[in-house]
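The values are calculated or read from the model by the stated rules, or taken from the named source; none is laboratory data. All of these numbers come straight from a predicted model, not from anything done at the bench. Heads up, the Cβs are rebuilt from the backbone with ideal geometry, glycines too, and the neighbour counts pull from every protein chain shown. Heads up: the accessible areas ignore ligands, DNA and RNA and are worked out on the full protein's heavy atoms, side chains in. Shrake-Rupley method; radii C 1.70, N 1.55, O 1.52, S 1.80 Å.
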Amino acid sequence: DRASVVFDELEQAVRDLGDLADPGAGEVSLACAETINAGLVAASMERMTRQFPRMAFNVDSGDTPLLLSHFLMKRISDFVITRPHGTVVEPGIRTEPLFRERLRVVAGSNSRFAERRRLTLAELANEPWILSRNEALGDSPVVQAFRAAGLTLPRHKVLTGSLNVRHTLLASGRFVTVMPHSLLRFSAAMRSLKVLPIEVGKWEMPTMILTLANRTLNPSAGAFLDLVREIARPLGEA
């Protein structure tokens, strides 16, 4: 462990020298939840590469335990952006809340519910749903919304953490799901989906930037996080 820290510091020093020699050709390594990568992170990378076309990015996805224990603690990534739901954050990890994510109920544009101006969860209770495992847990905004409506979570559902599976199933027009508001806001690929007129609350745990307390970020990673904070700011006001 000590050797890996030493080699990481040497590698960071080399990257810092590279940033000083050519500030527009730095490198950023990050690992985030899949929906964060597809939304907020992709939007931030697109904007940053407009200003610095030679900037390089190493991007990984995973669930929170893997992001923290592997990519962050093993110093593979400069930082992690995720919502550490149900995960104990180690004392050596610095946390910075960005915003509390709101979930939106969505369907494919060809769904029979797509043009409805008024809709209730009761009308969707017998439809096939797509949810992540966290979204099906008792403290999720989805479960709480069904509970508030006097309903139980639909029995007909697909549990998956894959954004691609969710998007493909929605294209059939038969399925209903929830999507993070930040993903719908920033991802052009999600604009083919229809947000349904049903209110679901926010996650209690905020989406956060997580970094190692004893690790100094290189200038490129720091500049990228400044951009992430700027782009994410309206999400905290929604």
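In the range 189-233, how many are open to solvent by 50 Å² or more (accessible area, probe 1.4 Å), part of a helix (DSSP H, G or I) and not aliphatic (A, V, I, L, M)?
7
Given the conditions (1) open to solvent by 70 Å² or more (accessible area, probe 1.4 Å); (2) more than 26 Å from residue 38 (Cα to Cα), report the number of the one that residue 153 does not fulfil.
(1)
Scanning for something farther than 30 Å from residue 52 by Cα and of a type in the set (A, V, I, L, M, F, W, C), does the range 205-212 turn up at least one residue?
Within the range 205-212 (the criterion being farther than 30 Å from residue 52 by Cα and of a type in the set (A, V, I, L, M, F, W, C)), the answer is yes, since at least one residue qualifies.
Using the structure shown, decide if residue 164 is assigned to a helix (DSSP H, G or I) and at pLDDT below 95.
Values: assigned to a helix (DSSP H, G or I): yes; at pLDDT below 95: yes.
Yes: the conditions hold for residue 164.
Being part of a helix (DSSP H, G or I) and either touching a strand residue (DSSP E or B) at 6+ places or on another chain (Cβ under 8 Å) or closer than 27 Å to residue 231 by Cα (or both) is the filter here; which residues of the range 98-124 pass it?
Our first condition is that a residue be part of a helix (DSSP H, G or I); within the range 98-124, this holds for 121-124.
Listed by number, the residues that qualify are 121, 124.
For residue 169, work out the one condition from (1) modelled with pLDDT of 95 or more; (2) part of a strand (DSSP E or B); (3) over 19 Å from the mean Cα position of the chain (by Cα) it doesn't fulfil.
The single condition residue 169 does not satisfy is (2).
State the number of residues belonging to the range 72-97 that are under 21 Å from residue 57 (Cα atoms) and open to solvent by less than 60 Å² (accessible area, probe 1.4 Å). Write out each step before concluding.
From the range 72-97, those under 21 Å from residue 57 (Cα atoms) are 72-82; that's our starting set.
Narrowing the set further to residues that are open to solvent by less than 60 Å² (accessible area, probe 1.4 Å) leaves 72, 75, 77-82.
So the answer is 8.
Considering only the range 159-176, state which residues are open to solvent by 20 Å² or more (accessible area, probe 1.4 Å), farther than 20 Å from residue 137 by Cα and in contact (Cβ under 8 Å) with a residue 60 or more places away in the chain.
Of everything in the range 159-176, those that are open to solvent by 20 Å² or more (accessible area, probe 1.4 Å), farther than 20 Å from residue 137 by Cα and in contact (Cβ under 8 Å) with a residue 60 or more places away in the chain turn out to be 171, 172, 174.
Please determine, by comparing only the residues of the range 125-142 that are in a helix (DSSP H, G or I) and open to solvent by less than 20 Å² (accessible area, probe 1.4 Å), which one is nearest to residue 164 (Cα to Cα). Give the steps one after another, and end with the answer.
Restricting attention to the range 125-142, the residues satisfying the condition of being in a helix (DSSP H, G or I) are 134-136, 141-142.
Subset that is open to solvent by less than 20 Å² (accessible area, probe 1.4 Å): 135, 141-142.
Values: 135: 17, 141: 22, 142: 20 Å.
Within the range 125-142, the match that is nearest to residue 164 (Cα to Cα) is 135.
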